[in-house]
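Reading through the structure tokens given below for one structure.
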Amino acid sequence: MDKQQFFKKLNSLCTSKDIFDFLSSLKVMSDTMASGALQRISEVEVDDKGLKNPKGVFENEVFRGLCFQFEFASSKLSNTGLLNALQALIKLRVDPQTSLMASLLSQCEERLGKGQLTVNNLCALGESLLELENPSHATLKQIVNCMQEKGIENWSPREMVMVYKILVVTVREEEKYQDLISQLSLKFTSIILNSLAVLHQTQAVPIATALCKHSVKHIPYFTGDEFVNILEAFLYFGHCEQIFTETLETHIPETIFTMHLQTVCKVMQYCCQKRILSKPIFDAVAEAFISYGDRFTTDQIAECITPFGTLNYLPPSPSSFFKKLETVLHTHLRHFEPHTLLNLLHSCVLIQRYPINFLPKIFSPYFLQRLQAQPPGLDRTVTSQLTQLFLTVTLECPLYKGPKLLAKYQEKASPTYLTSLDVHLLKRVKTGLLHLLKNRMYFASEVLTPYFYTVDIEIKLDEGGFVLPAAQHEEVHRRIALCVDGQNRFCVNSHDLLGEEAIKQRHLQLLGYEVIQVPFFEVESLQNCTGMAEYLHKKIFPHTY
């Protein structure tokens with residue numbers, strides 16, 4: 001029978017009995033037709049509960065005859081016939097330990113070893129093995145290695161999904177999947193990580209973590225695009241390793257002048273989001289910006305410069321660095337998107353570099369309307385940045401005589417984001433203060449000032465240095481602002497304050513507060529309330545018995 005006619009007839013049959021009767025009427029058929037018949041039987045006989053009529057299938061003479069042929073003629077089968085038969089028999093729940101299944105699997109492994117399977121064949125074999133309860137990890141690893149050799153850039157979604165599923169299965173066994181991961185090519189590692197991030201595969205964190213660890217060893221050998229993919233995966237999956245930072249600190253300064261601009265920006269984005277203040281990386285990027293900052297796009301300028309403010313770091317040659325930035329801004333000012341320009345200028349004031357020449361534009365009604373018209377509009381973050389810019393020129397730039405920020409755009413209170421660790425630290429400090437001052441009335445916590453900022457703990461003193469009740473407003477001679485700085489207010493693994501906290505403490509001092517910092521690293525070793533009270537006594541009242 002003609003092959004096309006055969007499959008048309010086969011697909012019209014809806015019971016295994018009809019299929020067996022149809023096959024009995026044929027004198028001869030090809031292996032692809034026979035394997036197609038097995039697949040059709042599996043389609044009609046298997047549902048969510050399993051095999052509907054095992055006896056009617058497995059004891060049928062036609063079925064047994066087909067299985068006999070597949071077992072003893074497996075070496076003569078085409079790749080399609082072999083793999084379709086294997087897939088159908090697995091779906092029919094045929095025991096993998098039978099001689100039939102052993103013969104088919106052995107033949108598949110032999111052809112795999114000789115490199116005789118196409119990408120489509122590899123995909124079919126991988127999908128079949130994944131249906132088994134205990135697939136051979138050696139064979140799965142071999143499939144992935146063969147897939148890499150076939151050209152990753154031409155993979156279809158089905159092939160990508162199959163490889164991803166293999167990684168999911170093998171990831172369950174630490175030793176075996178580490179061996180598989182270590183054999184992946186750099187290009188393959190990059191593509192898989194990028195796919196997991198783009199497709200938001202949050203359940204794939206173990207795979208992503210293993211791939212990230214694998215990639216750390218090979219950073220210098222990734223191409224620019226591959227390196228960007230790696231960084232994006234590190235950002236998406238929240239992966240952060242000290243060894244990765246150390247590798248970047250060696251690699252970036254050595255290659256910064258040949259590195260693609262987008263790669264430079266992605267490195268800075270990674271450092272900024274992870275709060276990693278790496279002086280070797282930041283110094284190299286600053287030097288590169290001074291040399292060829294004109295080549296950056298407006299977005300790339302902001303992506304490279306903003307982390308300096310966020311992480312509160314002045315580069316080694318600040319005058320050259322900011323002179324270059326001002327030149328680039330004058331040249332490209334009209335090309336900046338409103339929110340990008342605001343982020344950039346706000347980051348400058350965090351490190352006490354004042355964009356006086358550009359503030360009239362920022363505070364103009366036209367620019368504010370443009371900010372409002374584009375997402376995210378004038379949300380709380382944006383109005384807080386505008387307010388901080390306005391406070392900066394008011395408190396730190398007395399010579400500024402340009403337009404002011406209209407009151408309707410000024411934020412009344414700065415956003416505060418407290419983690420459970422911050423709350424715990426604040427609670428410990430308040431308990432220590434209570435032990436020291438004997439009464440809760442003598443200090444206030446989380447005090448909203450009239451000047452945008454919130455003070456963690458405020459203590460009021462009269463002219464003689466005596467503590468006043470927190471509710472009292474008369475005869476207040478000094479105001480002490482205790483800044484209880486948890487880990488979230490510092491760069492990671494360092495004692496360097498973030499830009500937002502540094503500007504807050506600077507502005508509170510200019511507003512008349514006596515700012516006293518209580519950093520987490522000074523109090524984390526204090527064992528009890530008495531120890532905290534003694535520490536606070538020395539910190540707040542160093543000259544008072």
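The values are calculated or read from the model by the stated rules, or taken from the named source; none is laboratory data. Source: prediction; values computed, not measured. Please note: Cβ atoms are built from the backbone with ideal geometry, for glycine as well, and neighbour counts cover all protein chains shown. These accessible areas exclude ligands, DNA and RNA; they are computed on the full protein's heavy atoms, side chains included. Shrake-Rupley method; radii C 1.70, N 1.55, O 1.52, S 1.80 Å.
General remarks:
- Scope region 335-391; condition among the polar types (S, T, N, Q) and at positive phi; matching residues: 352
- From 349, 328, residue being over 18 Å from residue 381 (Cβ atoms) and either among the hydrophobic types (A, V, I, L, M, F, W, C) or at pLDDT below 95 (or both): 328
Per-residue answers, yes or no, for (1) over 23 Å from residue 185 (Cα atoms); (2) exposed (fewer than 15 other Cβ atoms within 10 Å of the Cβ):
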residue: 201; (1), (2): no, no
residue: 212; (1), (2): no, no
residue: 224; (1), (2): no, no
residue: 232; (1), (2): no, no
residue: 242; (1), (2): yes, yes
residue: 256; (1), (2): yes, no
residue: 263; (1), (2): no, no
residue: 286; (1), (2): yes, no
residue: 298; (1), (2): yes, no
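- Helices (runs of 4 or more DSSP H) wholly inside region 69-162 containing at least 2 residues that are among the hydroxyl-bearing types (Ser, Thr, Tyr) and surrounded by fewer than 19 Cβ atoms within 10 Å (Cβ to Cβ): 99-113
- Of all residues in region 206-226, those being aliphatic (A, V, I, L, M) and either more than 19 Å from residue 243 (Cβ to Cβ) or not in a helix (DSSP H, G or I) (or both) number 1.
- Test: residue in region 349-360 that is part of a helix (DSSP H, G or I), open to solvent by 70 Å² or more (accessible area, probe 1.4 Å) and more than 22 Å from residue 398 (Cβ to Cβ): no
- Hits in region 455-497 - residues which are touching a residue at least 24 places away in the same chain (Cβ under 8 Å) and open to solvent by 60 Å² or more (accessible area, probe 1.4 Å): 471, 478, 479, 487, 488, 493, 495, 496
- Residue within region 42-54 that is open to solvent by less than 50 Å² (accessible area, probe 1.4 Å), closer than 22 Å to residue 21 by Cα and of a type in the set (S, T, N, Q) present: yes
- Filtered residues of region 245-289 (kept if under 16 Å from the mean Cα position of the chain (by Cα) and hydrophobic (A, V, I, L, M, F, W, C)): 265, 267, 268, 271, 272, 276
- Of the set (1) touching a Leu at 6+ places or on another chain (Cβ under 6 Å); (2) farther than 25 Å from residue 373 by Cα, all apply to residue 328 but (1).
- Within region 361-397, tally of residues that are in a loop (DSSP other than H, G, I, E, B) and open to solvent by 60 Å² or more (accessible area, probe 1.4 Å): 2
- Condition met for residue 57 (farther than 21 Å from residue 132 by Cβ, open to solvent by less than 50 Å² (accessible area, probe 1.4 Å), part of a helix (DSSP H, G or I) and hydrophobic (A, V, I, L, M, F, W, C)): no
- The lone criterion from (1) surrounded by 13 or more Cβ atoms within 10 Å (Cβ to Cβ); (2) under 30 Å from residue 526 (Cα atoms); (3) free of Cβ contacts under 8 Å to residues at least 12 places away in the same chain left unmet by residue 430 is number (3).
- Scanning region 502-518 for residues that are assigned to a strand (DSSP E or B) and more than 37 Å from the chain's Cα centre (by Cα) yields a total of 2.
- Residues that are under 16 Å from residue 450 (Cβ atoms) and surrounded by fewer than 10 Cβ atoms within 10 Å (Cβ to Cβ), drawn from region 398-411: 407
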